[in-house]
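Notes for the one structure printed next.
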Amino acid sequence: MTERIHVGVAWPYANGPLHLGQIAGAYLPADIFARYNRIIGNEVLMVSGSDLHGAPITIRAERENTTPEAIGAKYHAEFLDCWERLGISFDLFTTTGTDNHREVTQDIFLTLMRKGYLYRDSMLQAYCPSCGRFLPDRYVQGICPNCGSPNARGDECESCGKPLDPVDLNNPRCAVCGGTPRFEQSEHFFLKLSALQEELAAWVGGNSHWRQNVMGSTRGFIDEGLRDRAMTRDINWGVPVPVEGFENKRIYVWFEAVIGYLSATKEWAHLQGDDAAWEKYWKEDAKIYNFIGKDNIFFHTLSWPATLMAYGGLNLPYDVPANEFLTIQGQKLSTSRNWAVWLTDYLERYDPDALRYYLTAVMPETQDSDFSWEKFVRRNNDELVATYGNLAHRVLTFCHRHFGGVVPDSGELDASSRQLLDEAEQAIGDIGDALGRCSFKEALRTAMSTAQKANRYLDEQAPWKSIKQSKDEAARSVATVLGVLSALSTGLYPILPFSSEKLHASLGFSGSVLERGWKMVLPAAGQVLRQPQPLFVKLDEAVIEEETARLGQS
RNA sequence: GGCAGCGUAGCUCAGUGGUAGAGCAGGGGACUCAUAAGCCCUUGGUCAUUGGUUCAAAUCCAAUCGCUGCCA
């Protein structure tokens, strides 16, 4: 039975380059999941886009004497290039800056207003007279009332970790100009989350398939009691509030960016030439998955579902497989200290599948995990190259040397050959099962263990020995392993698409792995093999030192 | 501070009531088709700590410590 699967991925902020934490946390798992669902025949739509709004991008633009549009455009182009090179297969990667997104957002805003889920109230806001604008919480600095630290931010004191309100700071100052802000009442629209408390609790309770971390923190918010929150901001960059008197305000980015999942679907439908096609995913039977990092669980399991419930008639997320964080060589990622591995840098120097392999192997599914160049090189060389790449290479070169570069006739299979092929076929099923549950690490382990079994089998069979006595016996074991390789090219396709296609072609198949589908297809006797080329490149140990030296350098 | 997740071998992790596991790294061996890869054997753990429930706890409960995130 085919299903409709909507894969929505966190909207990256177009304020700087992508780093490996974002890839491991959201984009790679989303892509693996989307590829798997496509190959098993599901109807898949994978969308996301650049988040162009919010205060940081405007402040950066001022500092660099440019416009928010220019910064957004630069990084949006860079993101698109990265997806292409890393094989992140979006059906549409748009931006929050489109007319379509504005229209969809404003429609939702006005509908919620009309239904009473958005109401006016006023709140105290810091206003900087010398900058002539209201300041977001984090742009007010001052002395922490809790620990006395002189550089506490209005949202949080970094030195004692306590969350703060800008009005609590002693001697507040504007983080941009250093001037003294004053606090003024400002009118905003509040989302009536409190009114949806029961409905949300019931819905969350029915989602027992959610991950521990997602369910735990979502339940925590509900038990605490949901509070109404402002969904507009005193800022002049973003989606305009479609209400008279709010010309100098904009819709809050977290209210608006998640609407992108819906607006992007509408944009995709329009580009397909079928404006109603979005309804297949949002009104008809479909499962919506949102791949995100653990930092924005609240917005995806409560705030956005509340918006959808209030609007009415649209599908809610089916699953929100949020990942934990990736540290870099034992330390937290830090953009300001340049403690990060930037995706563009990686892609300039190494293969996409090597990264996809390593990041899947250490994917932070249940706890924070660590990226290190040493482990990257080690796992590439000792696992990916040695276990999988070498398996393909040793068998393919053997075929060229002894069987004229064609698939030999296996003849009647003996018990161990039959068993290995059964296990390979079973592995495809198990991998699929794991991928369907978003257990990506488990899927990879299953695949690699199949490659290992094939290596063991080869050593037992030793066709390099048997060929001296019986060409048929050697043909049988070699043909068997070619079958396992074919199975692996399928089973690993969602995770390692580039090398899977390469192996598929090396095995003499035409077309693509994707077209062939999620099944084991044995290469036919006589099928012409391509001249084998190594699937993966072995990395020089010097890479570890070179790359480690780059960390933390400005 | 509150809430949530996590803490198992040197590393990455699996294991949710029944004799502590895998891969990689380390040590040894036999082989040689292969990117000096693969295969076999092997060293290695007070399952964060303390207490409790149970015939039986890595697993359930409580407290403590540590790491990360969130506090919209």
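The values are calculated or read from the model by the stated rules, or taken from the named source; none is laboratory data. Just so it is clear, the structure is predicted and the values come from calculations on it, not from any experiment. No Cβ is skipped: glycine too gets one built from the backbone with ideal geometry, and neighbour counts run over all protein chains shown. These area figures cover heavy atoms from the full protein model, side chains too; ligands, DNA and RNA do not enter into them. Shrake-Rupley method; radii C 1.70, N 1.55, O 1.52, S 1.80 Å.
Worth a mention:
- Taking Lys and Arg as +1 and Asp and Glu as -1, the other residues whose beta-carbon sits under 12 Å from that of A:Ile59 total +2.
- Kyte-Doolittle mean at least 0.0, axial Cα span of 15 Å or more - DSSP H helices of chain A: A:28-39, A:471-491
- In a fully extended conformation the segment linking A:Ala524 and A:Lys74 would gain 157.1 nm over its present Cα-Cα distance, using 0.36 nm per residue.
- Gyration tensor (alpha-carbon) shape descriptor, region A:116-223, a/c threshold 1.5: oblate
- Counting all C-alpha pairs of region A:65-123, share separated by more than 20 Å (%): 53
- Prolate/oblate/rounded label for region A:188-344 (Cα gyration tensor, a/c 1.5): rounded
- When chain A is reduced to its Cα atoms, the Kirkwood hydrodynamic radius in Å: 25.9
- Solvent exposure, largest accessible area first (probe 1.4 Å, DNA, RNA and ligands not counted), of A:Arg153, A:Arg120, A:Arg530: A:Arg530, A:Arg120, A:Arg153
- Net charge over other residues, Cβ less than 10 angstrom from the Cβ of A:Asn37 (K, R count +1; D, E count -1): +2
- Heavy atoms of A:Asp165: accessible area, 1.4 Å probe, square angstrom to 10: 70
- Alpha-carbon centroid distance for the pair region A:67-85 / region A:92-119, whole angstrom: 23
- For chain A, share of DSSP beta bridges that run antiparallel, in % to the nearest 5: 55
- Carbon and sulfur %, accessible surface of chain A computed with the full protein complex present, 1.4 Å: 46
- Per-residue extension of 0.36 nm, minus the Cα-Cα distance of A:Leu271 and A:Lys468, leaves a gain of 64.8 nm for this segment.
- Base-10 log of normalised Debye intensity for region A:185-250 (one unit scatterer per alpha-carbon) at q = 0.14, 0.19, 0.24, 0.25 Å⁻¹: -0.59, -0.78, -0.93, -0.97
- In the assembled protein chains, A:Tyr75 presents an accessible area of approximately 20 Å² (probe radius 1.4 Å).
- Neighbourhood charge, 12 Å Cβ-Cβ cut-off, centred on A:Phe246 and excluding it, Lys, Arg +1 and Asp, Glu -1: 0
- Rounded to the nearest 10 Å², the accessible area of A:Trp210 at probe 1.4 Å: 20
- Estimated distance in nm for a label pair at A:Thr366 and A:Ser449, the labels positioned 7 Å out from Cα along Cα-to-Cβ: 1.5
- Accessible area expressed per residue, region A:423-554, with surrounding protein chains retained (probe 1.4 Å, Å²): 45
- Filtered GluC sites (Glu not before Pro), region A:1-71: DSSP coil and at most 12 other beta carbons within 10 Å: A:Glu64
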